[in-house]
Protein chains: 2
Amino acid sequence: MLNTAWRQVLTLGEFDLIKRFFTPANYSSDVLLGVGDDAAVLAVPQHCRLVAAVDTVVEGVHFPVKTSAADIAYRALAVNLSDMAAMGAQPRWFTLSLSMPQADEQWISEFSVGLSRLAARFSVQLVGGDTVKGPLSISIQILGLVDKDQWLTRSGAKPGDLIFVSGALGEAAGGLQLLLKPDLHASLEHRQYLLERFYHPTPRVELGLRLKLVASSAMDVSDGLLTDLRKLCAASHCGADLQLDSLPHSKPMNSVFGAAGAEHLALHGGDDYELLFTVPADDVVALQDIMTETGVPCTEIGRITRNGGVQCYRSQDAVVVEEGGYDHFAVVN
Amino acid sequence: MLNTAWRQVLTLGEFDLIKRFFTPANYSSDVLLGVGDDAAVLAVPQHCRLVAAVDTVVEGVHFPVKTSAADIAYRALAVNLSDMAAMGAQPRWFTLSLSMPQADEQWISEFSVGLSRLAARFSVQLVGGDTVKGPLSISIQILGLVDKDQWLTRSGAKPGDLIFVSGALGEAAGGLQLLLKPDLHASLEHRQYLLERFYHPTPRVELGLRLKLVASSAMDVSDGLLTDLRKLCAASHCGADLQLDSLPHSKPMNSVFGAAGAEHLALHGGDDYELLFTVPADDVVALQDIMTETGVPCTEIGRITRNGGVQCYRSQDAVVVEEGGYDHFAVVN
C-alpha cells in the first residue's frame, strides 16, 4: 500500500509538484507553454533541426546511495547535456521524470536547486515533467538545436583521421575509487579534485558546438574510452590504432593510482563525459584554434584505420589490453 | 552487486539493446537520424510548433504486477499519446527509457512488439532510448506537432462554456476492480469489455486534432473526472457546475457496479484517458459534426461558472460528493 506521506504528495498532483519546485522563474520566448499543462509547446527556429536524447540515472547504478540531492540533479542533467555536446547541438529544453520512494520536500527542494543551477549555466529550460512513486531514479529527456545539416555523428570517421579526446580520462572513475576505498592514500588536494571530477563532470557543450566545423565523428565517453571507441569504429565501419602512451591522465591520477592504474582507469573508467572525436589530418590546425578559444585541451590519441577493431600500441609495439568493461559501478551502499 | 544475466545485457550496451529490439523498420523522412547515436535528429516543419510531454508508468502503481509485457507497452505509450490528444497535437516521435530488474529477452521482445503495434497505429516513431537496471518502470517522452498558434490548453475555459467528456467514464477503474476483486459478479462479456478498457484505453488523438477548432480548453482524464475538472477550473480561473445525472456510464458499468457504484467510479476512477473539454455554446453544432465524423460520442456534463470550485448537481439540487481521489491504485501483487 502507498504510505500516507506519499499520498499527500500525490494529492498535490504530479504537475503541482513539478510546478511548485521546478518551474523556471522566466522562460525565454521560444517556450510558448511551459510546465503546468498536458504538454509544453516550443518554437523551433526555421533554420534548425531538433536533436532529442534521453538518459536515466538510477541510485546504486549511476550514483552511490547517499549522494546529495544536488549532486544527483547535476549528474542527471549533465549526462544529457553531454549527449547534446556529442551531437554539436545547443541544448534548449528538457523534461524531467522523477521517481522517488517517499515524499521528502527537503530533498526535492535541494534537488531542484541543483538542477536549476546547472540548467541556468547552460541556458536550458525545464518545460515539463512528472513525479512517480518508486525507487530513486531520474529520467531526463533533452531537446537541442543544430543548424540544418550541421550535426555530429558517431558514423563519420574515415581511415587516416586522427583520434582526439578532450580533457583527461579516468578521473571520474578515480574519484569513485576514492569513495569506494576510503583507505586509498591521496592528498587532500588530489582527493578533492578527483571527487569533484566524479560528482561534477563538465559537459563539453561549447567544444561540441565548435567541433562541428572540423570533426568527422564524435561521441561522449560515458562507458570508458575503449568501449566507446569500439562503438565509434563500429558505427563508422572502420578500426583504430590507439597509442596508450598518449592517453591524457593527470598528476592526481598518477599520484594516487600509479602510471599503470591511471592508464587502466583512463581506458576503462566511465562517467568522464569527455568528447571522443576524429579529425581529418588537414583540419588539425583549425582544431588548435578551437582548443585555444574554448580553453579545453584535446589530446591526439591515435588514428582511424581501415580494418575493424581497436589495436592498442605502447611506443611502436602492439599490445593486448586486458578487458575491463565499466558497469558504472556495482551497487554501493 | 549486479547479477550476471544483467551484466550480459549491459555488455550489449544500452543503444544496442534499444537498437536491436526497438529500431523501426522504416523511418519517415522527418527522422534525419534515428536510434543508434548519442541523440536523434528530427525535422520540424516550418509552420509547426513542437509539443513535448513525458509520462512514466511504474509497476504496482500504474499497472498491476504480472501485467503482460505487451499490455505494459500499450499503457506506457497510450498515456503519452493521450497527452498529445489533450493538446490537439499530432504525435510524431518518442524516446523510451526502460528500467528492468533483470535481463529477459522474451519479455523485451514482447514489450517491443506491443509498443511497435500501437506506435504504427498512431504513426509515431521511436527515435531513441536507454535501458537501465532497476525496478520495472517505463518513461516515454513524446514529441508532437501543432500548427502555429493552434493548440489546446487547460486554461482557456470561460464562464458559460459547456463542459463535455468523450466516451464513457469509470470503465478503466471498473476493469481494475474486476482484477482486484475476483469475486465480483460480471458476465463474461462485461468482464472482457471492462478489462479491455483498463488494459487498452484508446488515446483520443483524432478527436483532439478536430477539437482544436471548437474547444476553449481541454485535458485528458487520467486522475478521475472530479480531480481533473478541478485542475482545469484552477488553470482557467473559473468554476464548474457538474450534472451527475449526465455522466456517461455504460451498461456494463451499471450492471456490475449498480448506478451508485458506476457514478462513483465515473467521478473518481482514473486511467480512462478520455478527453475533458469545454466548448462555447455557439460552437456546439460544430462539435456535433466532429462527433459524427470521428465516431467518438461526447457528452455534455455541465457548465463553466465564474466562481471557483466544482459544484455537483443531481437534477436541480446541489449535492456534496464524497471525496475519493484516485491513486491509480495501491500496489497490487
The value for region A:4-147 (convex hull of the alpha-carbon atoms, volume per residue, Å³) is 97 Å³
Given backbone amide H placed at 1.01 Å from N, residues whose amide H is under 5 Å from that of A:ALA103, ignoring those fewer than 5 places away on the same chain, are A:TRP6
Counting sequence-distant residues (5 or more places) and residues on other chains, those with an amide H built under 5 Å from that of A:LEU126 are A:PHE94
Of the listed links B:LYS66/B:LYS251; A:LYS231/B:LYS19; A:LYS133/B:LYS19; A:LYS158/A:LYS212; A:LYS133/B:LYS231; A:LYS19/B:LYS19, those spanning more than 24 angstrom between alpha carbons are B:LYS66/B:LYS251; A:LYS133/B:LYS19; A:LYS19/B:LYS19
Under the Karplus relation with 6.51, -1.76 and 1.60 and θ = phi - 60°, whole-Hz ³J(HN,Hα) for region A:204-221, x at Gly and Pro, equal 8, 4, 4, 4, x, 4, 7, 5, 3, 7, 10, 7, 8, 7, 7, 7, 9, 8
Comparing each residue of region A:115-147 in the complete protein assembly with the chain by itself (heavy atoms, probe 1.4 Å, ligands and nucleic acids ignored), those losing at least 10 Å² of accessible area are A:GLY129, A:ASP130, A:VAL132, A:LYS133, A:PRO135, A:SER139, A:GLN141, A:LEU143
Taking the chain alone as reference and the full protein assembly as comparison, with a 1.4 Å probe on protein heavy atoms only, the residues of region B:21-36 that lose at least 30 Å² of accessible area are B:LEU32, B:LEU33
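Looking only at other chains, what is the average number of their beta-carbon atoms within 10 angstrom of each beta-carbon in A:99-110? Could the numbers behind the result be given before it?
Values: counts 8, 0, 1, 0, 0, 0, 0, 0, 0, 0, 0, 0.
Counting other chains' Cβ atoms within 10 Å and averaging over A:99-110 gives 1.
Hey, what D do you get for chain B in µm²/s if you plug the Kirkwood alpha-carbon radius into Stokes-Einstein at 10 °C and 1.306 mPa s? Could the numbers behind the result be given before it?
On the way: Rh = 20.9 Å.
Roughly 76 µm²/s, to the nearest whole number.
Need one number: buried accessible surface between chains B and A, 1.4 Å probe, both sides summed, DNA, RNA and ligands left out, in Å² to 100. Please report the intermediate quantities before stating the final value.
Values: alone 15020 and 15030 Å², together 25350 Å².
When B and A are taken together, about 4700 Å² of accessible area is lost.
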Taking max minus min of the Cα coordinates of region B:162-319 on each principal axis, largest first, gives extents in Å of 46, 36, 24
Phi angles of region B:260-271, converted by Karplus (6.51 cos²θ - 1.76 cosθ + 1.60, θ = phi - 60°) into ³J(HN,Hα) in whole Hz with x for Gly and Pro, give 5, x, 5, 5, 4, 5, 5, 7, 10, x, x, 6
With Cα coordinates, the longest principal axis of chain B makes an angle with the long axis of helix B:69-87, in degrees rounded to 10, of 50 degrees
Answer in debye to the nearest 20: the dipole magnitude of chain B about its Cα centre, from +1 Lys/Arg and -1 Asp/Glu charges placed on Cβ, is 300 debye
Carbon plus sulfur, as percent of the 1.4 Å-probe accessible area of chain B, comes to 50 percent
Applied in sequence order to region A:179-194, the curve 6.51 cos²θ - 1.76 cosθ + 1.60 (Karplus, θ = phi - 60°) yields integer Hz couplings, x standing for Gly and Pro, of 5, 6, 10, x, 7, 4, 7, 7, 5, 4, 5, 5, 4, 4, 4, 6
The distance between the Cα centres of region A:111-133 and region A:212-281, in whole Å, is 29 Å
Checking B:ASP272, B:ASP37, B:ASP241 against a Gaussian network model of chain B (alpha-carbon springs below 10 Å), the top fluctuating residue turns out to be B:ASP37
DSSP beta bridges in region A:4-147: the antiparallel percent, rounded to 5, is 70 percent
Plugging the Cβ-Cβ distance of B:LEU180 and A:SER123 into 1/(1 + (r/R0)^6) at R0 = 51 Å yields, to the nearest 0.05, a FRET efficiency of 0.60
Rounded to the nearest 10, the angle in degrees between the Cα long axis of helix A:284-294 and the longest principal axis of the Cα atoms of chain A comes to 40 degrees
For the protein assembly as shown, using Cα atoms only, the Rg and Dmax in Å read 26.3, 92
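Residues of chain B: accessible area per residue at 1.4 Å, in Å²?
Values: 12660 Å² over 333 residues.
Value returned for chain B: 38 Å² of accessible area per residue.
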Partner shielding of A:56-66, taken as the mean number of other chain Cβ atoms within 10 Å, equals 3
If amide H atoms are modeled at 1.01 Å from N in the peptide plane, then the residues at a separation of 5 or more from B:ASP55, or on another chain, having amide H under 5 Å from its own are B:ILE140, B:ILE142
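Which value in deg cm²/dmol, rounded to the nearest 500, describes the helix-derived mean residue ellipticity at 222 nm for chain B, given -39,500 (n - 2.57) per DSSP H run of n ≥ 4 and division by the residue count?
On the way: 10 runs with 124 residues, N = 333.
It lands at -11500 deg cm²/dmol.
What's the FRET efficiency of B:LYS251 with B:GLU300 using the Cβ-Cβ distance as r and R₀ = 22 Å, to the nearest 0.05?
Details: r = 20 Å, r/R0 = 0.91.
After rounding, the FRET efficiency stands at 0.65.
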By the mean-Cβ-within-10 Å protection proxy, highest first, B:165-173, B:119-127 rank as B:165-173, B:119-127
Given a Förster distance of 56 Å, the FRET efficiency implied by the Cβ-Cβ spacing of B:THR23 and B:GLN316, rounded to the nearest 0.05, works out to 0.40
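The values are calculated or read from the model by the stated rules, or taken from the named source; none is laboratory data. Keep in mind that this is a model prediction, so the values were computed, not measured. When we count neighbours, we look across all protein chains shown, and the Cβ atoms used for this are built from the backbone with ideal geometry, even at glycine. The accessibility values were calculated without ligands, DNA or RNA, using every heavy atom of the protein model including side chains. Shrake-Rupley method; radii C 1.70, N 1.55, O 1.52, S 1.80 Å.
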